[in-house]
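The structure appears right after this line, and notes come after that.
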Amino acid sequence: MLAFSKVIQPKTVAEAYEAAVKNKMAPLLAGGCWIRLGRRIWPVVIDLSELGLRYVKEENNEFVIGAMATQSDVEQFEPLRQFVKGIIPAGIHEILGVQFRNMATMGGSVASRFGFSDIIPALLAVKADVVLANGGRMSLEDYMTYRDRDILVEIRIPNYEVPVAIEALRISRGDFPYLTGSIRKDETGYAVYVGTRPGAPMKAVKASALLTEKGAAAAKEAGELAAEELNLQKNSHASKEYRQAMTKSMVVRLVKEVEAWN
């Protein structure tokens, strides 16, 4: 249940940023799907629904997703269904149920940087950027370690076809994943990302460099290196050892998929 004593409803991004800086402990309400599950009574919350940020569009050879666009808005946007074999809608489709995806926003999903996110690995693979009220535009990869109080305004994806693949491992349909991953292969080489470690998705730097140097023949070695270099831990969904074993095999499958791209 979401309970609060006061709600601030800014009308512009500038007003929202000012309110966020002034009320440092106030949660930012986008879809509010997760905060509704808590029992805390918040003194103040900042509602972002009046900022006019619910849109998905193509602009200057980019896909532009407003922070308040819902997961369903993006899942149903036909141009994204055609982009790199529909990787973004595919990453969204397995998230809980339709009712949840109709409420959960893309900005909230990314800004929260949840470890179990299906969306972030897919966005990392397509080299998405985020646009912030104060921090400006930066890569999503850099945003994953950005800690300033800020307002996420947009997600921007270059409309550039490139081999990518994603994977999310679950015990059953509709469950939270216990491991997620993605890969990209372009003119600079490979980039491998692993999430639900159970921490937030991050790049397997050494594994990516190995694949770039040696190619697909090093897939098994890269999987072993990724399992070693990333901080994989246990939680209620999987043990550390199981995540390590699944990371090794997942990297091999991801490499195979991008190599088969046509």
Limited to the stretch 60-76, what total is found for residues that are at pLDDT below 90 and of a type in the set (D, E, K, R)?
-> 1
Between a first residue in the stretch 47-66 that is of a type in the set (A, V, I, L, M) and a second residue that is part of a loop (DSSP other than H, G, I, E, B) and modelled with pLDDT under 90, which pairs have beta carbons less than 6 Å apart while being 6 or more apart in sequence or on different chains?
-> Leu48/Ala30
Restricting attention to the stretch 199-224, which residues are in contact with a Lys or Arg (Cβ under 8 Å, 6 or more places away or on another chain) and within 22 Å of Val110 (Cα to Cα)?
-> Ala200
Kindly check whether there is at least one residue in the stretch 190-203 that is over 18 Å from Met144 (Cβ atoms), surrounded by 20 or more Cβ atoms within 10 Å (Cβ to Cβ) and modelled with pLDDT under 95.
-> no
Looking only at the stretch 159-189, which residues are among the hydroxyl-bearing types (Ser, Thr, Tyr) and either crowded, with 16+ Cβ neighbours inside 10 Å or under 10 Å from Pro121 (Cα atoms) (or both)?
-> Tyr178, Thr180, Ser182
Verdict on Leu48 being under 14 Å from Thr12 (Cα atoms) and crowded, with 21+ Cβ neighbours inside 10 Å = yes
Just wondering, is there one or more residues in the stretch 142-153 that are buried (at least 21 other Cβ atoms within 10 Å of the Cβ), assigned to a helix (DSSP H, G or I) and in contact with a helix residue (DSSP H, G or I) (Cβ under 6 Å, 6 or more places away or on another chain)?
-> no
Take the stretch 77-114 and flag every residue that is in a loop (DSSP other than H, G, I, E, B) and modelled with pLDDT under 80.
-> Glu94, Ile95, Leu96, Gly97
Scanning the stretch 221-244 for residues that are loosely packed, with under 15 Cβ neighbours inside 10 Å and of a type in the set (Gly, Ala, Ser), the one modelled with the highest pLDDT turns out to be Ser239
Any residue in the stretch 73-96 that is charged (D, E, K, R), crowded, with 22+ Cβ neighbours inside 10 Å and in contact (Cβ under 8 Å) with a residue 12 or more places away in the chain?
-> no
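The values are calculated or read from the model by the stated rules, or taken from the named source; none is laboratory data. Small disclaimer: the values here were computed from a predicted structure and weren't measured. Every residue, glycine among them, receives a Cβ derived from its backbone with ideal geometry; neighbour counts consider all protein chains shown.
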